[in-house]
Amino acid sequence: MKLTLKIWRQKDAKSTGKFVTYSLDNISPNCSFLEMLDIFNEQQISQDKDPVVFDHDCREGICGMCSLYINGRPHGPDDAVTACQLHMRKFSDGDTITIEPWRAKPFPVIKDLMVDRTAFDKIIQEGGYISVNTGGAAEANNILVSKVNAELAMDAAACIGCGACVAACKNASAMLFVSAKISQFALLPQGQIEAKERVKKMVKTMDELGFGNCTNTYACEAECPKLISRSNIARLNREFMCAKVI
Amino acid sequence: MNSSFLRFSSITKKIWMAFLGIFLMIFLVIHLGINLCLLRGDGGAWFNAAAHFMGTNYIVKVFEVVLFAGFIFHILIGIILQIQNWMARPIRYKVNNKTYTPFLSKYMIYTGGIVLVFLIIHFMNFYFIKLGWVSNPHISNGEPDFYLIAPELFIQPFYSFLYIVLFIILGFHLNHAFQAAWQTLGVNHPQYNNCIHWFGTLYAILIPLGFIIIPIFFLFIR
């Protein structure tokens, strides 16, 4: 495959970035998207040029490090995958691919396509935990959990915190991420102890960090590689209302 | 951005937005009911009786204040949320977002803005006459005769065209608003979602249609 790449290049957090156009040839359709970028970077290095910086780690869709906005969609044109699971066969020979970093005030660009997602860590620090006494593990059947709730909690816990929801949202809202983190605890008895404080503190931090407000366009749900449902956002709203009123 | 009003959390503001939106949607049904009395051909008996009741009843007068507050806060919170949303992405994407979303859900601030312009025109044509701020020949015993004032406006093709277009835009606004309000209030369950979706769509079609019938009646039928 022969491709034209338009890549956002930014020297560091303080610099003003710009798009640079590159040509790339001999790319196999069976390459993953990140492998294509690896090949591109090898060529850059061999020509003594600065390689493109991008986040990646596990390359199997479970770590949440990918953060590429490809041709107008977070994680590219495939559904329910991260950029590392995206293959070049999803593109055509001769295509122009525009690659941008996540754009949100709380996600500043560090360099090129790499953004700082510490904002998510700060939200988790405010309540993404439960109180457990140290010591031997208790008998699992002491606290019973319904099958439905266990599965819903697991679905919410599938969130890998990549930030595609923020990147896709026209308001750069983090509601889907926060709602998944709230839901995975709210649905389980173990999560009830800090439930009220958790939701209040996590929402407060989300707002303070400068994420936008949810306007229910559901772009987050459409782009989430882990198919986190919008019903979690409704649960977050319910949890928040109850915590404030009751 | 440090006033206590702005410091309310994003979800609190949205919950207020949803409650006020639902309140305004209920008001629209009442308003439509009164407006449709114009079509009865009873010389304005029903319409003027309803207008008189709305203008003089003390409970309605209290609700009038609540209604104005509802409008003002709905608009104000909407503007604040939108400004915060714009600020949350200071650098825009080069390639426009291609994610599938319900088309009109992205343009609520714009459809809302157009509805606000209509509201101002509507106030100048009706409410300000009632307050005596705008003069009109059809005022007897201090009470304006809206049964005569309304047709005078609707027989003007440009006014009627504008009225119809604005109500179509209001329909777009309501279509997303109805469903979004329930989602914001935490009502999202497989058992109710379809019902909310279809009722919302039906509401967003029937209410504007009801209002649109009136200028069509005066332009082409009467």
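The values are calculated or read from the model by the stated rules, or taken from the named source; none is laboratory data. Note that the structure is predicted; figures quoted are calculated from it, not measured. Methodologically, a virtual Cβ is constructed for each residue, glycine included, from the backbone with ideal geometry; neighbour enumeration extends over all protein chains shown.
Within segment B:165-186, is there a residue that is in contact with a helix residue (DSSP H, G or I) (Cβ under 8 Å, 6 or more places away or on another chain), hydrophobic (A, V, I, L, M, F, W, C) and without any contact (Cβ under 8 Å) to a residue 24 or more places away in the chain? No, there is no match, as no residue in segment B:165-186 is in contact with a helix residue (DSSP H, G or I) (Cβ under 8 Å, 6 or more places away or on another chain), hydrophobic (A, V, I, L, M, F, W, C) and without any contact (Cβ under 8 Å) to a residue 24 or more places away in the chain. Scanning segment B:67-100 for residues that are more than 9 Å from chain A (Cβ to nearest Cβ) and either part of a loop (DSSP other than H, G, I, E, B) or without any contact (Cβ under 8 Å) to a residue 24 or more places away in the chain (or both) yields B:Phe68, B:Ala69, B:Ile72, B:Leu76, B:Ile83. Could you grab me the full set of residues in segment A:43-64 that are aliphatic (A, V, I, L, M) and either in contact with a helix residue (DSSP H, G or I) (Cβ under 9 Å, 6 or more places away or on another chain) or closer than 14 Å to A:Met114 by Cα (or both)? Selection gives A:Val52, A:Val53. Can you list residue pairs whose Cβ atoms sit under 8 Å apart, with the first residue in segment A:147-168 being closer than 18 Å to A:Pro74 by Cα and the second being at pLDDT below 95? Count only pairs 6 or more apart in sequence or on different chains. Cβ pairs passing all conditions: A:Ala168/B:Asn97; A:Ala168/B:Thr99. Taken over segment A:92-147, the criterion of being among the aliphatic types (A, V, I, L, M), out of contact with any Pro (no Cβ under 9 Å at 6 or more places or on another chain) and in a loop (DSSP other than H, G, I, E, B) is satisfied by A:Ile130, A:Val132, A:Ala137, A:Ala138.
Okay, residues lined up against (1) at the interface with chain B (Cβ under 7 Å from one of its Cβ atoms); (2) under 22 Å from B:Pro90 (Cβ atoms); (3) touching an Asp or Glu at 6+ places or on another chain (Cβ under 9 Å); (4) not polar (S, T, N, Q):
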| position | (1), (2), (3), (4) |
| --- | --- |
| A:Ala168 | yes, yes, yes, yes |
| A:Phe185 | no, no, yes, yes |
| A:Gln192 | no, no, no, no |
| A:Leu209 | no, yes, no, yes |
| A:Cys224 | no, no, no, yes |
| A:Met241 | yes, no, no, yes |
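Out of all the residues in segment A:87-99, is one or more of a type outside the set (Val, Ile, Thr), closer than 30 Å to A:Lys122 by Cβ, at pLDDT 95 or above and surrounded by fewer than 20 Cβ atoms within 10 Å (Cβ to Cβ)? No, because not a single residue in segment A:87-99 is of a type outside the set (Val, Ile, Thr), closer than 30 Å to A:Lys122 by Cβ, at pLDDT 95 or above and surrounded by fewer than 20 Cβ atoms within 10 Å (Cβ to Cβ). Cβ-Cβ distances below 9 Å connect the following pairs, each with a first residue in segment A:1-20 that is within 13 Å of chain B (Cβ to nearest Cβ) and touching a residue at least 12 places away in the same chain (Cβ under 8 Å), a second residue that is among the small types (Gly, Ala, Ser) and assigned to a loop (DSSP other than H, G, I, E, B), and a separation of six or more residues or different chains: A:Trp8/A:Gly17; A:Arg9/A:Gly17; A:Gln10/A:Gly17.
Do we find that B:Pro190 is within 14 Å of chain A (Cβ to nearest Cβ) and at pLDDT below 95 in this structure?
Criteria met by B:Pro190.
Within segment A:117-135, the set of residues being touching a residue at least 40 places away in the same chain (Cβ under 8 Å) and either of a type in the set (Ser, Thr, Tyr) or exposed (fewer than 12 other Cβ atoms within 10 Å of the Cβ) (or both) comprises A:Tyr129, A:Ser131, A:Val132. Just one residue in the set A:Asn232, A:Asn237, A:Asn216 is at the interface with chain B (Cβ under 7 Å from one of its Cβ atoms), part of a helix (DSSP H, G or I) and either crowded, with 22+ Cβ neighbours inside 10 Å or not aliphatic (A, V, I, L, M) (or both); that residue is A:Asn237. For A:Lys204, the conditions (1) touching a helix residue (DSSP H, G or I) at 6+ places or on another chain (Cβ under 8 Å); (2) at the interface with another protein chain (Cβ under 10 Å from one of its Cβ atoms); (3) outside any loop (DSSP other than H, G, I, E, B) all hold with the exception of (1).
Taking each residue of segment A:187-212 that is under 13 Å from A:Ile124 (Cα atoms) and looking for partners that are in a helix (DSSP H, G or I) and acidic (Asp, Glu) with beta-carbon atoms closer than 8 Å, six or more apart or interchain, yields A:Val199/A:Glu239. Of the listed requirements (1) farther than 18 Å from A:Val115 by Cβ; (2) touching a strand residue (DSSP E or B) at 6+ places or on another chain (Cβ under 9 Å); (3) without any contact (Cβ under 8 Å) to a residue 60 or more places away in the chain, A:Ile27 misses just one: (3).
Among the residues of segment A:1-43, the one identified as within 14 Å of A:Ser92 (Cα to Cα) and of a type in the set (Asp, Glu) is A:Asp25. Screening A:Glu197 against (1) within 13 Å of the chain's Cα centre (by Cα); (2) more than 20 Å from B:Ala18 (Cα to Cα); (3) part of a helix (DSSP H, G or I) leaves a single unmet condition, (1).
For segment A:136-155, the criterion of being in contact with a Cys (Cβ under 8 Å, 6 or more places away or on another chain) and either among the small types (Gly, Ala, Ser) or surrounded by fewer than 20 Cβ atoms within 10 Å (Cβ to Cβ) (or both) is satisfied by no residue at all.
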